[in-house]
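Below is one structure; the comments refer to it alone.
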Amino acid sequence: MLDAIGQTLGNLLGLRRSTLAVPILDGVYKPNNLLEQAEVLAEHDGMEDMAVGGDGKIYLACGAEVMALEDGGALIPVATFDAPITAMVFLPDGRRVVALGDRVEIEGAGAPLHEVAGKPLRAVTSLSLGNDGKLLICDASAQHGCDGWRHDLMEKGASGRLISHDPDTDETRVLQTGLAWAYGAWQSGDGGIVVSESWRHQLHRVGKKTQGDLPGYPARIVPTADGGFWLSLFAARMQIVKFVLSETDFRREMMATIPPEYWIAPAYRSGKDFLEPLQTGGVKQMGILKPWAPPRSYGLAVRFDARQVPVMSMHSRVGGENHGIVTVIEQGSDVFALSKGAGRLLRLDMAAIRKANAIGEAEA
């Protein structure tokens, strides 16, 4: 409430800095090094998404290929498509469904799904299953493809939509429009559907109010066996990005004169190119990047319980490698996290995650 009042007064008085606050990493979001210290199970260029197949194996979407994860971390190609895969899921009957940016292909079905309600698919970022086995499709933007996500952010895009598709009847309908980069969806036990909006830093419950003011940009949502879910956040929020978004002339000039990879914007990875933008706090001193430096890229995933309350988190902090977490899957005591920034599949132990988050066995 106080922040809202402060923002309103700031706007009235022209003090725009009062609107630049971002949530701090504290409480459930208190930083740790779990993702950075995780076992690197596999590495491959172009890792984008992963899903569990009908045989219980984990399959990864890497570029235009689907790869099966074998024991020991070997990746075996099982299918190749004519475009990079942007999302993947398996139906209850074991059929594979992949998104190729502007279309969705269901294994064994006829023509791919290209359009819904008279509008073409443009940027399918996530595929998931509803309680009734229907597909939940996140079409992030009507203006830009998946690779144009920075443009959509800097143009303050809000043209995403959530779509339901029945693979048995081909019935398709739009559940929600006006989403600011839809990147993940999940249906709870009570039938409510939650969709993540990256640019609004929130989870939006379809037909109801939003929840949370997240410290990062939310991505895919993957359900867990106890009725909760893992939420991946592909980058942490920065005050300077909010500032740039408030400065229209600067933002337009930046977009017109600088390549997108060097914009003042979140990133899946950083520290590999000296041309990347820095804030003062992001400058190395004595060869060391301080852990409190502004995070151009970051690794973050949050576990929610069945009440949709965040209970624990995993981090790869500033200066780390395992950034840009886009999908997290829980299988028994193992937790698998896909770092798009590092091109790595990580494995963590649930007991270690609980211990690092100070969660006792009595709360299990």
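Could you look at the chain and say what percent of its accessible area is carbon and sulfur, using a 1.4 Å probe and all protein chains?
Its accessible area is 52 percent carbon and sulfur atoms.
Once amide H atoms are built 1.01 Å from N in the peptide plane, which residues 5 or more positions from Ala235, or in another chain, come under 5 Å H to H?
For Ala235, whose amide H was placed from the backbone, the distant partners under 5 Å are Tyr217.
Divide the volume of the convex hull of the Cα atoms of segment 37-80 by its number of residues and quote the answer in cubic angstrom per residue.
80
For Thr86, what accessible area in Å² do you get when you roll a 1.4 Å probe over the heavy atoms of the protein chains, rounding to the nearest 10?
Accessible area, nearest 10 Å²: 20 Å².
Give me the distance in nm between label points sitting 7 Å out from Cα along the Cα-to-Cβ direction at Glu321 and Arg95, one decimal.
For the pair Glu321/Arg95, the computed spacing is 4.1 nm.
Whole Å is fine, so just give me how far the alpha carbon centre of segment 320-350 lies from that of segment 54-122.
19
I need the calculated FRET efficiency for the pair Lys57 and Asp226, taking r as the beta carbon distance and R₀ as 22 Å, to the nearest 0.05.
Working: r = 22 Å, r/R0 = 1.01.
With a Förster radius of 22 Å, E is 0.50.
With all protein chains present, calculate the accessible area of Thr257 using a 1.4 Å probe and round the result to the nearest 10 Å².
90
With only alpha-carbon atoms counted, please give the Rg and Dmax of segment 63-132, in Å.
13.2, 46
Compute the accessible area per residue over the chain, keeping the other protein chains in place, probe 1.4 Å, unit Å².
Here the residues of the chain average 46 Å² of exposed surface.
Residues with amide H under 5 Å of Met312's amide H, sequence separation 5 or more or different chain, H placed in the peptide plane at 1.01 Å from N; which?
Arg303
Quick one: which residues, 5 or more positions from Leu175 or on another chain, have an amide H under 5 Å from its amide H? H modelled 1.01 Å from N in the peptide plane, none for Pro or chain starts.
When sequence neighbours closer than 5 places are left aside, the close amide H contacts are Leu162, Ile163, Ser164.
What ³J(HN,Hα) values, in whole Hz, does the Karplus curve 6.51 cos²θ - 1.76 cosθ + 1.60 give for segment 215-223 when θ = phi - 60°, with x put for Gly and Pro?
Coupling constants for segment 215-223: x, x, 9, x, 10, 6, 10, 10, x Hz.
Work out from phi, with θ = phi - 60° and the Karplus expression 6.51 cos²θ - 1.76 cosθ + 1.60, the ³J(HN,Hα) of each residue of segment 298-304, listed in order in whole Hz, and give x for Gly and Pro.
Whole-Hz 3J(HN,Hα) from phi for segment 298-304: 7, x, 7, 9, 10, 9, 9.
Only helical DSSP H runs with n ≥ 4 go in: add -39500 (n - 2.57) per run for the chain, normalise by residue count and round the 222 nm mean residue ellipticity to 500 deg cm²/dmol.
Using -39500 (n - 2.57) per qualifying helix, the result is -3500 deg cm²/dmol.
Given Lys156/Lys242; Lys119/Lys208; Lys272/Lys340, which pairs have Cα atoms separated by over 20 Å? Let's see the in-between values first.
Numbers: Lys156/Lys242 11 Å; Lys119/Lys208 25 Å; Lys272/Lys340 15 Å.
Pairs exceeding the cut-off: Lys119/Lys208.
Suppose each label sits 7 Å from its Cα in the direction of the beta carbon; what would the Ala74-Lys290 distance come out to in nanometres?
That separation, rounded to one decimal, is 4.9 nm.
Ala351 to Ala83: extension gain in nm, 0.36 nm per residue of separation minus the Cα-Cα distance?
Result for the pair: 92.6 nm of gain on full extension.
How would you rank 242-250, 135-143, 222-230, highest first, on the average number of other Cβ atoms within 10 Å across their residues? Don't jump to the answer; show the numbers that get you there.
Values: 242-250: 13.8, 135-143: 24.3, 222-230: 17.9.
The packing order, highest mean first, is 135-143, 222-230, 242-250.
Output the relative contact order of the chain, whole-number percent, from Cα pairs under 8 angstrom with separation of 6+ residues. Can you show the working numbers first?
Working: 882 pairs, mean separation 55.1, N = 364.
Answer for the chain is 15 percent.
The values are calculated or read from the model by the stated rules, or taken from the named source; none is laboratory data. Treat the numbers as computed from the prediction; the structure is a model and nothing was measured. As a convention, Cβ positions derive from the backbone with ideal geometry for all residues, glycine included, and neighbour counts pool all protein chains shown. Keep in mind that these areas ignore ligands, DNA and RNA; they rest on the heavy atoms of the full protein, side chains included. Shrake-Rupley method; radii C 1.70, N 1.55, O 1.52, S 1.80 Å.
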